[in-house]
Amino acid sequence: MFVYVGTYTTPPDGCGEGIYVYQFDAEMGALSLVQTVTGIVSPSFLTTSPDHQQLYAVSESDGGQVYAYDRNPRTGELTALNSQPTYGAAPCYVSTDPSGAVVFIANYNGGNVASYPLLTNGRINPAASVIDHVGTSVNPTRQREPHPHMILPSPDGRFALATDLGIDRVMIYEVDGSTGELRPNTQGPTFATVPPGSGPRHFAFSPTGRVVYVINELISSVTVFSYDHTTAAMDELQTISTLPDDFTGESYCAHIVVSPDGRFVYGSNRYHDSIAIFAVTASDGTLTPIAYEPTGGKTPRNFSFDLSSNWLLAANQDSDTIVTFRRDLDAGTLTATGQVTHVPNPVAVLFVPEES
């Protein structure tokens with residue numbers, strides 16, 4: 001199994017060298033360096049094609065770019081294919097549709113989202129659509145303009161959801177699978193809202209695809225929505241804090257993941273420096289907090305499960321570490337293993353299988 005780590009490369013935010021490629025030891029939970037991919041500025045989020053043959057990365061810079069790489073399935077090494085402009089500053093998320101035909105980008109400072117058709121060899125074609133978001137919300141410093149933070153297609157690929165931290169909305173788009181174009185939803189509502197001032201950042205679908213969990217950066221919470229496959233309508237079921245009741249300091253959420261069996265939800269707290277763990281109510285998908293596991297470092301921006309979901313890697317951006325945890329599959333809890341990998345300013349962690 002391989003692990004790909006994106007880093008911030010530009011001071012003062014970071015001093016990484018690019019994308020780090022590691023081999024993962026599934027017995028010990030340890031990482032060993034395979035390759036360092038340079039020539040990309042601040043690759044802050046990574047994804048692969050559905051068949052894992054290509055890797056895609058955004059360059060979170062003022063002149064945003066999205067890069068395509070070929071993956072060697074046996075060694076894990078990357079070879080650059082091509083890149084395209086993202087038509088907005090600070091792209092911070094990249095995803096692919098289930099068919100592997102389209103790449104989606106969220107430009108945080110650009111205030112827009114974009115989509116790109118892919119060639120059969122994984123290269124990225126010019127953008128098929130660029131859509132500007134419009135609006136503000138109540139936070140006077142963080143919500144004076146749109147800030148899309150994530151875009152991801154629905155499990156069936158018919159729709160794409162885009163969380164916008166600046167306007168407290170989850171935008172809902174239709175996806176034209178033949179052209180790669182994004183269009184405002186005509187089958188149902190064009191957006192869903194979170195409580196004012198929440199700052200929606202990342203989200204995750206339940207394994208059934210009928211619940212969406214949105215983690216809110218600015219108020220450290222998760223909003224749980226039901227999701228309608230036919231219309232993409234989202235109805236709020238619950239908003240719950242990611243922090244312990246006795247916490248009084250400053251903290252901001254980052255990433256959210258649902259366990260493959262759908263029984264647990266995990267969210268990272270930066271400055272509280274923990275991963276909040278929730279049990280999922282089977283009947284409706286609502287959450288109950290069960291633990292807050294310290295990440296053993298500062299500012300856990302991103303984390304990821306391996307394919308077995310036995311292991312979790314937490315990327316601590318401001319302490320230059322990736323910490324390995326073992327996960328209890330029955331209880332959902334995490335236990336630090338003592339394995340710590342030093343990586344400068346890690347901000348994205350991605351597991352990919354190794355070809356046998």
Toy charge model, Lys and Arg Cβ at +1, Asp and Glu Cβ at -1: the chain dipole around Cα centroid in debye, rounded to 20, equals 280
Debye calc, one equal point scatterer per Cα of the chain, no solvent, log10 I(q)/I(0) at q = 0.12, 0.13, 0.14 1/Å comes to -0.82, -0.98, -1.17
Computed ³J(HN,Hα) along the stretch 166-176: with the Karplus parameters 6.51/-1.76/1.60, θ = phi - 60°, integer Hz and x for glycine or proline, the list is x, 10, 6, 9, 9, 6, 10, 10, 8, 10, 8
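Tell me, what does the Kirkwood hydrodynamic radius of the stretch 16-99 come to in angstroms if you use every pair of distinct C-alpha atoms? List each step's numbers first, then the result.
Working: mean 1/r = 0.0741 Å⁻¹.
One decimal place: 13.5 Å for the Kirkwood radius.
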Here the alpha-carbon Rg of the stretch 262-356 over 2.2 N^0.38 Å rounds to 1.08
Note to self: C-alpha centroids of the stretch 114-169 and the stretch 308-355 sit apart, in Å, by 27
The simple spin-label model distance between L119 and E250, using points 7 Å out along Cα→Cβ, in nm, is 4.7
Placing +1 on each Lys and Arg Cβ and -1 on each Asp and Glu Cβ in the chain, then taking the dipole about the Cα centre, the residue among F2, V258, T120 whose Cα reaches farthest towards the positive end is T120
Summing +1 per Lys or Arg and -1 per Asp or Glu among the other residues with Cβ less than 14 Å from S83's Cβ gives -1
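Explain nothing, just the number: relative contact order of the stretch 2-352, from Cα pairs under 8 Å at least 6 residues apart, as a whole percent. It would help to have the intermediate numbers written out before the result.
Values: 1104 pairs, mean separation 40.3, N = 351.
Once divided by the residue count of the stretch 2-352, the mean separation gives 11 percent.
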The set of residues whose placed amide H lies less than 5 Å from the amide H of E60, leaving out same-chain residues fewer than 5 positions away, is S44
Here the residues of the stretch 139-170 lying in the modelled label zone of H229, meaning backbone nitrogen under 12 Å from a point 7 Å along Cα-to-Cβ, are 155-158
Once the dipole of the chain is set up from charges on Cβ (+1 Lys and Arg, -1 Asp and Glu), the residue from the list T231, I219, V66 lying farthest towards its positive end is V66
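Every number here is computed from the coordinates shown, using simple stated rules; none is lab data. Just so it is clear, the structure is predicted and the values come from calculations on it, not from any experiment. Glycine also receives a Cβ, built like all others from the backbone with ideal geometry; neighbour counts cover every protein chain displayed.
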